[in-house]
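K.L.:
Dumping the structure here so I can ask a few things about it.
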Amino acid sequence: MRPPVPQAYPGPDALTAAAVAAGLVVRACAGWPETPADDRVPPLAGFIESTFSPLVAQVAGRALSRRDEPPRDQVTALVIVTALGDVTSATRVAAAVDAGTRVPPLLFFQSVPNSVAGYVAARWHLTGPVACVTGTAAGLAVAAIQIQDAEADEVLVVRVDVAVTDGDRDRAAAVVVTGPTGRNRPGTAES
Amino acid sequence: MTEGPTVAATPVARRGAGTVVVTGAAVRSAYGRGTQALLSGLLSGRPAFSPVRRFDVGPRRVRVAATCDGDPDLRTELTGTVGEACDDAGLAAADRSRTPLFLAIHAHPAIARADPADKPQLGPAAFAAAVAAGSGLATHGIRCYLSACVAASTAIADAAAAIAHGRADRIVVAGGYLVESDQFALFDAGRVLADDAQVRPFSTGRRGLLLGDGVGAVVVESHEAARARRVRPVVRLAGWGRAGDAYHPCQPHPQGHGMARAVTAALQRAGIAAQDLGYLNAHGSGTAQSDPAETNALRLALGDAAGTVPVSSTKSLHGQALEASGVLEFIVTMLAASKGSLPVNAGFLGTDENCRLNLVLGEARAATPRYAMSVNAAFGGANTALLIGVP
């Protein structure tokens, strides 16, 4: 098993420490930004105007690519953690409604965090539950109960915070976690 | 038709040893305030859709929704509904103060139009803390679920799991959505709203969904905690399941793989066979792609019983309450099963061969199911199933 990748920025380190404190085993972690080269979040096809969804996809991909190759029948859940949600998209929609101008149809899909979760789940074949909650502690508690409840073998927890005020910057972190005893899930009827 | 799935012989292996019950519920919908108003509206079979007067719908392609009177405030409605659920459960003030809140909402209602400097203070957590404080619940352990149309049902499943595994004695789960201008505009722009002013789940000629008000709360607790308070449970939360499609950002898996696994997991946790289900409240959004996918999921998970279990989507009556759907429809399922009357799948025009189920059509059907299930799905391929047992 590869050790978690050391990080220079506090986001993934703090998330890793919180996961360990919650009794979870961290299999991989990632962040944004990780290096000075991380100055612009790569766009994500189908998602416009807001960096929320591209950030989720970016750190999720980094973390998942850093973990060991999972068993073929591994069930991975995805929990997105956010303090405010996709404020950029919400503000854009409100402005269009108030001005009586056209609301871009693509904003319909990205107005909920589930959509990028679906993108990540499809790209990485994550067949476990999909959830989005506020607060790191809550996100890790959801991950822990999904593992204890045998709903998933591992959980990808992504924390995402888009810049809201001037001088702020986009930040995201992700960890792939399992329970302390490894696989908890019995054989299930695969559909 | 496929064979039914193998049901686990030892449900405890997937759910923890504790018995989970629901001891109280409260709701507000387009039919009015309270469970009795909701039940009466459902059993009337008359959809609650009408022209939207709460905000300007002039620029919209579709202009109807299921709304209650006036322009109610979400925080006020949630606070009141949580309090009523606690009253219904007979929860004393001291018990409330130790009970955390799991809340399903879309976002803080004020954040989109707030000054940028004020937005950091307008997170969902602050909103939930205000609801918890206003209803006398604990100030700790508050959790917000933002997972679209499975937000509330996921919260109920997580609460049940936490209680079954001994992590909590009692949790109040609430969800709230009141039809407002921004989501209405988004759904209209996405061209998913029914332009014939009627939701027609699983029917030929279905043209999409319609939004509806929904504010609901349930008190979920361990059987031991309820017994210690000498409170009789309304229903048992016998099983639950959540699973993903791993298919697409906003389309369901055409074969319903994720939903089938969620339904199967709920049956396994309850330790019952599909044939034991006496009612299924479907997700049934009334959209072209979702209804056939759900039908395939139910065929996969229930086997032959998919042709016999009575099914209705009450979104055809009360509308789509987004993040609150899971708790609104869970309460509908509780009421239907405990009162012995299954609500109709309204708006039905004719049988779609891709959606062939045992739908409750025409009028409400008298039945006394021992077990009933509420199924929900959302963007991202998220699926949940909640299974209740009637005492």
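K.L.:
To the nearest 20 Debye, how big is the dipole of chain B about its Cα centre, given +1 on the beta carbon of each Lys and Arg and -1 on that of each Asp and Glu? Intermediate values should be presented prior to the final figure.
P.N.:
On the way: 36 positive and 32 negative charges, 127 e Å.
That gives a dipole near 600 debye.
K.L.:
With unit charges on the beta carbons (Lys and Arg positive, Asp and Glu negative) and the dipole taken about the Cα centre of the stretch A:57-122, which residue among A:S65, A:S111, A:A77 sits farthest to the positive side?
P.N.:
A:S65
K.L.:
When each pair of different Cα atoms in the protein assembly as shown is counted once in the 1/r mean, what is the Kirkwood radius in angstroms, to one decimal?
P.N.:
It is 23.2 Å.
K.L.:
Using unit Cβ charges (K, R positive; D, E negative) and no other charged atoms, how large, in debye to the nearest 20, is the dipole of chain A about its Cα centre?
P.N.:
Result for chain A is approximately 260 debye, rounded to the nearest 20.
K.L.:
Can I ask one more? In debye, nearest 20: dipole of the protein assembly as shown around its Cα centre with unit charges on the Cβ of K, R (+) and D, E (-)?
P.N.:
880
K.L.:
What per residue convex hull volume, in Å³, comes out for chain B when only alpha-carbon positions are used?
P.N.:
Working: hull volume 47.9 nm³, N = 391.
Once divided by residue count, the hull of chain B is 122 Å³.
K.L.:
Using a 10 Å cut-off on Cβ to Cβ distances, tally the other chain neighbours for every residue of B:374-381 and report the average as a whole number.
P.N.:
Whole-number average of other-chain Cβ neighbours for B:374-381 is 6.
K.L.:
A further question on this structure: Over all distinct alpha-carbon pairs, what is the Kirkwood Rh of the stretch A:1-108 in angstrom? Could the numbers behind the result be given before it?
P.N.:
Details: mean 1/r = 0.0614 Å⁻¹.
Hydrodynamic radius (Kirkwood, Cα only) of the stretch A:1-108 equals 16.3 Å.
K.L.:
At R0 = 35 Å, how high is the FRET efficiency between B:A367 and B:A228 if r is their beta carbon distance? Nearest 0.05 is fine.
P.N.:
0.60
K.L.:
Could you tell me, in Å, what Rg and Dmax come out for the Cα atoms of the stretch B:36-100?
P.N.:
16.9, 50
K.L.:
When the expected Rg is taken as 2.2 N^0.38 Å, what fraction or multiple of it is the alpha-carbon Rg of the stretch B:285-385?
P.N.:
The reported ratio for this selection is 1.02.
K.L.:
Taking the Cα atoms of the stretch B:1-143 alone, what are Rg (to one decimal) and Dmax (as a whole number) in Å?
P.N.:
20.0, 58
K.L.:
Next question, about the same structure. Can you find, among B:H253, B:Y279, B:T314, the residue sitting farthest towards the positive end of the charge dipole of the stretch B:240-389, where Lys and Arg contribute +1 and Asp and Glu -1 at Cβ?
P.N.:
The listed residue farthest towards the positive side: B:Y279.
K.L.:
Here is a further query. Determine the percent antiparallel among the DSSP beta bridges restricted to chain B, to the nearest 5.
P.N.:
Expressed as a percentage, antiparallel bridges in chain B total about 70.
K.L.:
Across the residues of B:237-244, average count of Cβ atoms on other protein chains within 10 Å? Please report the intermediate quantities before stating the final value.
P.N.:
Numbers: counts 0, 0, 0, 2, 4, 9, 10, 17.
The per-residue average across the peptide is 5.
K.L.:
Which net charge results for the neighbourhood of B:H283, defined as the other residues with beta-carbon distances under 15 angstrom from its beta-carbon, given Lys and Arg at +1 and Asp and Glu at -1?
P.N.:
Once positives and negatives cancel, what remains is +1.
K.L.:
Follow-up question, since we're still on this one. Each label point is 7 Å from the Cα along the Cα-to-Cβ direction; what then is the distance between the points at B:N354 and A:A163, in nm?
P.N.:
Distance between label points: 4.4 nm.
K.L.:
Let me have the 222 nm mean residue ellipticity of the protein assembly as shown computed from DSSP H runs of 4+ only, each contributing -39500 (n - 2.57), with the sum over all residues rounded to the nearest 500.
P.N.:
The helix contribution divided over the protein assembly as shown gives -9500 deg cm²/dmol.
K.L.:
Expressed as an acute angle from 0 to 90° and rounded to the nearest 10, what is the orientation of the C-alpha long axis of helix A:136-148 relative to the principal long axis of chain A?
P.N.:
The helix A:136-148 is inclined about 40 degrees to chain A.
K.L.:
Let me ask you something else. Enter the Cα centre distance for the pair the stretch B:116-157 and the stretch A:79-129, rounded to the nearest angstrom.
P.N.:
That distance is 18 Å.
K.L.:
A further question on this structure: Other chains' Cβ within 10 Å of A:95-108 residues: what's the mean?
P.N.:
Per-residue shielding by partner chains comes out at 5.
K.L.:
Tally Lys/Arg at +1 and Asp/Glu at -1 over every other residue whose Cβ is under 14 Å from the Cβ of A:V56; what's the total?
P.N.:
That works out to +1.
K.L.:
Would you mind telling me the antiparallel percentage of the DSSP bridges in the stretch A:10-178, rounded to 5?
P.N.:
So the antiparallel bridges amount to about 60 percent of the total.
K.L.:
Using only the alpha carbons of the stretch A:48-191, determine the length spanned along each of the three principal axes and report them from longest to shortest in whole angstroms.
P.N.:
Largest to smallest, the principal-axis extents are 54, 35, 24 Å.
K.L.:
Another question, then. Debye sum, Cα scatterers, the stretch B:20-228, no solvent: what log₁₀ I/I(0) at q = 0.13, 0.16, 0.18 1/Å?
P.N.:
At q = 0.13, 0.16, 0.18 Å⁻¹ the computed log10 ratios are -0.77, -1.09, -1.28.
A short reminder: the numbers here are calculations on the coordinates, not readings from a lab. Remember, it's a predicted structure, so these values are computed and weren't measured experimentally. Positions of Cβ are backbone-derived with ideal geometry, glycine not excepted, and every protein chain shown enters the neighbour counts.
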